[in-house]
Ligand code: DCS
């Protein structure tokens, strides 16, 4: 049949081509497939939304369909620092203002009587002020974000640090993630461009470096010293990378740490700054957990900007990008995608380039920008909404502190498990000594031993944690990361479930 078509007219050849295309599309499948796609994207790994959470979603769907087949009645998502997913209540004032901005009809004079019954006067006044500066939240804003909000961010930084901040150096972003990705893009050229990242790290960094095909330069945090950061380890890491021809251009500090929960001392931060200054390395300070501080006397939060400024004119060229977010702290508005980064001591020509890349995506979403305004400029003493705001923030904070301690205690009581207490952030990262039989069983299933443990936990309890290999860990050690976000009234049951699972897992694989 095909041969006869070839022998016929030109039109037949077209027919043949069309047939061939159709034929090939059924034989070989889609044009865009995992072999034709960009290999860098294929290689990216991001465990926080990886295999375990995908299985957890499937179990969740199964529970809705036929709960009788599972040993638990709900999946608990401890894989992600997403407080409102686990029923943390949003801050009332923030939602009041956001809702008024969303529906400006409510701000019209004719509706004032009704609206005043539902909303406190300071929420109405804040919404009016924002709307005066925004216009409509359905319009694109300045690519850096709304000027009025950047001014509030600058004032917040000044109050926090006691040093001036410039609204022009602040970019509002869709969560901290977008800012981090932009800055990493800006800093790296090729496979020889290196960025130092902590191990364990939050996989945004390894994933972004993988996407831009640049080199992660790992430095290890010291688990025995509460996940402390040793400057000698920084030196080892940079020396080794440079010996291998890597051009180390930046260092990422996650403070407080994710997944490790440590909070750096002021002296330690000074050492890091001295190191970067000496080695000519740009600093990236991920400070999204700056208000999740659980041992404020022993380990208060010090922003890198503040410490840098306190070190005087000798360090006035030390470049720093620092990142913050509305997703964490007691705010927990992850879904609104609010964040900002501040550029400190950055070359003016580079600032133009930052502006250029920011303008490609036009502007950060306005709901997120409003949340940044509220986080950095909340009600203050004397405001009508202050007592409620304070009470809500304190209640969430106290409860997080209690849950952090309770979960660490629970982990430390498990056979073969050791866990540092959280000084900050939302996670614990216990180390687990797994019996050789469990390691063998994992190998048979072609899994890392920590994934095997985490998967067994998910399948028996419905609790989804992330294996340590998703964050990086010292070779030969096994960890997992769990948030301490499950609701407090369910917490004892949650801990008891983990204890039961662990005991039966260890009994099963004991030699
Ligand atoms: N930096 C760190 C250290 C984070 O933990 C996260 C989010 C981000 C940046 C980015 O957050 P936003 O883009 O929402 O501002 N943490 C992820 C995690 O480990 N669990 O939840 C999300």
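Summary table
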item	result
Verdict on residue 421 being in a loop (DSSP other than H, G, I, E, B) and modelled with pLDDT under 95	yes
Subset of the stretch 126-179 that is assigned to a loop (DSSP other than H, G, I, E, B) and within 16 Å of the ligand (Cβ to nearest atom) - its residue that is surrounded by the fewest Cβ atoms within 10 Å (Cβ to Cβ)	174
Residues of the stretch 192-211 classified as modelled with pLDDT of 95 or more and not in a helix (DSSP H, G or I), total	9
Index of the failed condition, residue 251 passing every other in (1) under 21 Å from residue 427 (Cα atoms); (2) more than 13 Å from the ligand (Cβ to nearest atom); (3) crowded, with 23+ Cβ neighbours inside 10 Å	(1)
Pairs, first free of Cβ contacts under 8 Å to residues at least 40 places away in the same chain and not assigned by TED's automatic domain parsing to the domain that holds residue 315 in the stretch 274-289, second more than 10 Å from the ligand (Cβ to nearest atom) and in a loop (DSSP other than H, G, I, E, B), C-beta under 8 Å, six or more apart	none
Subset of the stretch 200-227 [over 17 Å from residue 260 (Cβ atoms) and within 13 Å of the ligand (Cβ to nearest atom)]	207, 208
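A quick yes/no check of all residues on (1) more than 25 Å from the chain's Cα centre (by Cα); (2) in contact (Cβ under 8 Å) with a residue 24 or more places away in the chain:
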position: 392; (1), (2): no, yes
position: 401; (1), (2): no, yes
position: 413; (1), (2): yes, yes
position: 422; (1), (2): no, yes
position: 428; (1), (2): no, yes
position: 432; (1), (2): no, yes
position: 435; (1), (2): yes, yes
position: 444; (1), (2): yes, no
position: 452; (1), (2): no, no
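The values are calculated or read from the model by the stated rules, or taken from the named source; none is laboratory data. None of these values were measured; they are calculated from a predicted model. Using ideal geometry, Cβ is built from the backbone for each residue, glycine included, and neighbour counts are taken over all protein chains shown.
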